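Shown next, in structure tokens, is the structure this report addresses.
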Amino acid sequence: MDIRIVESLATSGGLKDPSFRVDPSVENISLNWDESLGTLSVVDYNMDYSILPWQLYGDVVKKVFLTYNGKNCSNGQLVETVVMESSSEDDINQIPGFNNSNEWAYTPSTLTYPSEIKEMTDISEFATSPYDYSQGFTVVKQFLTAEANASIGDPMYKAFYRAPHLTSFIPPNVEGNKVYTDGWYTSYVCAVRTWTSADPVVNGSSKGDIVFYGANKKFYLNITGVGGTLITDPDDSNAMIPDTTNWQVDPNFADWQSLMMDNTGDAMVDDPIYFIETQHLVTVELNKAILKELKAQCNACTSNTTKFGVSAIANYMKLMQKRLGAWVQFNADLYHEASNILESSRKLCYQCLYHPGEYNSINGSVC
Amino acid sequence: MLIRFTDDYINEIFAAYSMVGQIQEFISQKEPFVGNSPVLDELYSMTVLMSGIADHLSNDDNSEPKENEAFLMCLRSLINKAEFMCKCKPRPLIDRRMLHQTSQ
């Protein structure tokens, strides 16, 4: 299958800098689609973490989120859903070390809902969100535009995030048992330090910092601004853990977003985190639908009596234009509009153009 | 199996694009034709399919060879049919840059 259009654009974060790339002609972080496995994978094979300005290069640990951003057609809201999260504990994809490049897979067909999802149900909440529909795409652009005021030895970044609001809702890429793959995704790849005796976090720790504690291989969130100390693990008298007064184990997506937001401006001190936020456009289902239409026309190629006509290729042309339109808008930083184009083909949004045979819950018809 | 077809089928791809150009030039002199001429309507549709298949074969690197062989057969069929309908001839693959150099 043709997988040309799985576009990526880095939008904010210190790791966005091209100097972190192994190959300067390839994007920092990208998504790979495996047709046989049906998986979307966040890959960072082109990242060189060895130039991180931290003294403990070998102690870098990565935390990765992949979110789906889309309009919930039933209520018109734009929501962001975490569809893939790397393990909160040390595993094969969380091996400490600056030179570990990893691959984190998301399989849409087996989506399990994460606990950290958010929804804005009150229009007043949009006041804190760059997704203000009255402002159109310009506000979306504000959210995604990173301002890099780099000075020698002291990189500073400003970005805009939505204030997380945790509740439950139906993700925009889900309709019944169907999980759509195509759409606008955002990946967050964070590199954090490890808490070791050689690098105690009491030095410069502040509220919201997240560190990886190597002894029990878990992430900890600073909740007071005090570095604290190690205490005996209540569950294991032979083990030590960060004190529970100042540290909270297993930070959630909102905590990670807050840390990124707090460290993208002038207030950033001691480099508590390095991260890269990347926008991705996925059209694998649309590609498949285009090929399907093309094949259908090819069946007619072998017939001497078949007449081609504009009406016969109408669907093919529509799909091609949708892909082109989404691609053009995405590359103009209009991610929201690119997403709208792709989602306009779903049964949830009335048309179900490239999922024929599915039941349309809106008007009760079969596409 | 991962195969990039561009190199293997460069002649067919080039022939398809050259036919698209010639047909579009041909029907450009008959505008407006949609709804007025079934023959031109069909020719136009064939250019869309030819360019679609050529575009796919030019960029695909993830298909089964069998699938793309079927596309190639279709492309050849379309080229032959268009050749008959509009009296066009697919141009041979020539490096135009070399042509310019030798003619100077």
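The values are calculated or read from the model by the stated rules, or taken from the named source; none is laboratory data. Only a predicted model underlies this, so the values are computations on that prediction, with no experimental measurement involved. Note: ideal-geometry Cβ built from the backbone for every residue, glycine included; neighbour counts use all protein chains shown.
Quick notes
- Cβ-Cβ under 6 Å pairs, at least 6 apart or on other chains, the range B:51-74 side more than 7 Å from every other protein chain (Cβ to nearest Cβ), far side of a type in the set (A, V, I, L, M, F, W, C) and not in a helix (DSSP H, G or I): B:Leu57/B:Phe5; B:Asp61/B:Leu2; B:Pro65/B:Ile3; B:Asn68/B:Phe5
- Pick from the range A:323-336, criterion within 14 Å of chain B (Cβ to nearest Cβ) and in contact (Cβ under 8 Å) with a residue 12 or more places away in the chain, ranking: surrounded by the fewest Cβ atoms within 10 Å (Cβ to Cβ): A:Trp327
- For beta carbons closer than 9 Å, sequence separation of 6+ or different chains, a first residue in the range A:189-214 that is more than 16 Å from A:Lys62 (Cβ to Cβ) and a second that is basic (Lys, Arg) and at pLDDT below 85, the qualifying pairs are A:Asp199/A:Arg193; A:Val201/A:Arg193.
- Test for B:Ile13: is it at pLDDT 85 or above, within 14 Å of chain A (Cβ to nearest Cβ) and either touching an Asp or Glu at 6+ places or on another chain (Cβ under 7 Å) or surrounded by 17 or more Cβ atoms within 10 Å (Cβ to Cβ) (or both): no
- Residues of the range A:1-26 classified as touching a Leu at 6+ places or on another chain (Cβ under 8 Å) and not hydrophobic (A, V, I, L, M, F, W, C), total: 5
- The residues of the range B:32-50 that are outside any helix (DSSP H, G or I) and either more than 7 Å from chain A (Cβ to nearest Cβ) or crowded, with 23+ Cβ neighbours inside 10 Å (or both), listed by number, are B:Pro32, B:Phe33, B:Gly35, B:Asn36, B:Ser37.
- Those strands (runs of 3 or more DSSP E) of the range A:1-91 in which 1 or more residues are closer than 28 Å to A:Leu221 by Cα and at pLDDT below 85 occupy A:6-12, A:61-72, A:77-85.
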